[in-house]
Each structure stands twice: as structure tokens, then as C-alpha cells.
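Just so you know, all these numbers are worked out from the coordinates, no wet-lab data involved. Computed from a predicted model, the values in this text were never measured in an experiment. Methodologically, a virtual Cβ is constructed for each residue, glycine included, from the backbone with ideal geometry; neighbour enumeration extends over all protein chains shown.
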Amino acid sequence: MNTAYRVWDGKQMYYGHEAALSLQIMGNEWILWRDYKYGLGFKDCITGSHEDAAVLMWGTQIRETTGEIKLDDTIYARDIVQQENLDPDLCGNPTIIGEVKMLEGSWCIVNEKKEECRPLFSETATNKIIGDVFQNPELLEGAENE
């Protein structure tokens, strides 16, 4: 089973599907490795749970839906997502912008400032990734002030 993941090292985002990357998990600790060039079996440590700025994020297995049928990028924990509800009668406000978090076993879009939370998966809404909390924190601040 392939599980989607990505790692923020404090400066750069690494995605698990990139060639030459491997994730090693030992209990509560983890390390992201890159195969050393020339394929000789040597590996370089990129980062791991021992680094203060390093963050491991799991994929939600839900993909961005920017059109009626087209599926785009996988949505990850800590992404900033704009969800447009196609049936505004269901929740009053048709748009929410927030951070993707796992809450009580479900992936949700959370806007803490507005005290709003919606399921990431919805049959009546489209999701668009507009950034992530590491590289675009200002997007959350703008969403909170709307």
C-alpha cells in the first residue's frame, strides 16, 4: 500500500512520490532519506522528527476538485483549502477557507477565527488548494478576517 505523505523541513516541501525519497518510521520517530546519486545504496538524511522545524504530513486521499469531473492534486494535512458549496442551503455560507486537519477521525477544513469546521469530503462542494500553512500563512489570516 502506498500512502501519500509530504515533509516540510523548515525551508522546502518534499513529496513522497518524488523519485529517490524514502520515509523510515521507527515508533514515534521518522527520518526522510534521499538515495545518494549513482544508485550505490547510500542515503543522505534530509530531515526527521529530531529537527524542530520538520513536519510530516499525511495525504487525505481526497483530491482537489476544481471542475465538474477533473481531479487535481491530492490534498494534504496543513493545506489551506477553499471549499465552495454548490448547495448553499445546506450550510448558509457557501464558502469556507481554512486549514485541513484530522478531527475525531475525519479530515476537516477548519477556520479557527470564525469557529467554522466542515468535512473536507462533500458530494455537494468543490475543493481548491490555495496554499499551505508553512509557505502561505497569510492566506489563513486573510480568510479569518473575511
Mind listing the phi-derived Karplus ³J(HN,Hα) values for segment 93-103, rounded to whole Hz, using 6.51, -1.76 and 1.60 with θ = phi - 60°, and x for any glycine or proline?
8, x, 10, 9, 10, x, 8, 7, 9, 8, 10
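C45: net charge of surrounding residues, Cβ under 10 Å, Lys/Arg +1, Asp/Glu -1, itself excluded? Walk me through the numbers before you get to the answer.
Numbers: positive: R34, K43; negative: D44, E51.
Net charge around C45: 0.
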Non-local amide H neighbours of A54 (under 5 Å, H modeled in plane, Pro and chain starts lacking H): which ones?
none
Under 5 Å, built H, 5+ apart or other chain: amide partners of E116:
N111
Would you mind counting up the charge near M57? Only other residues with Cβ under 15 Å from its Cβ, with Lys and Arg at +1 and Asp and Glu at -1.
-4
Highest mean packing first, using Cβ neighbours within 10 angstrom, the peptides 41-48, 94-101, 12-19 sort as 94-101, 41-48, 12-19
For an R0 of 22 angstrom, estimate the FRET efficiency from the Cβ-Cβ distance between E116 and W58 and round to the nearest 0.05.
0.45
Here, D44 and Y14, labelled 7 Å along Cα→Cβ, have an inter-label distance in nm of 1.0 nm
Ordered by fewest other Cβ atoms within 10 Å, a rough proxy for footprinting exposure, L86, L56, L140 read L86, L56, L140
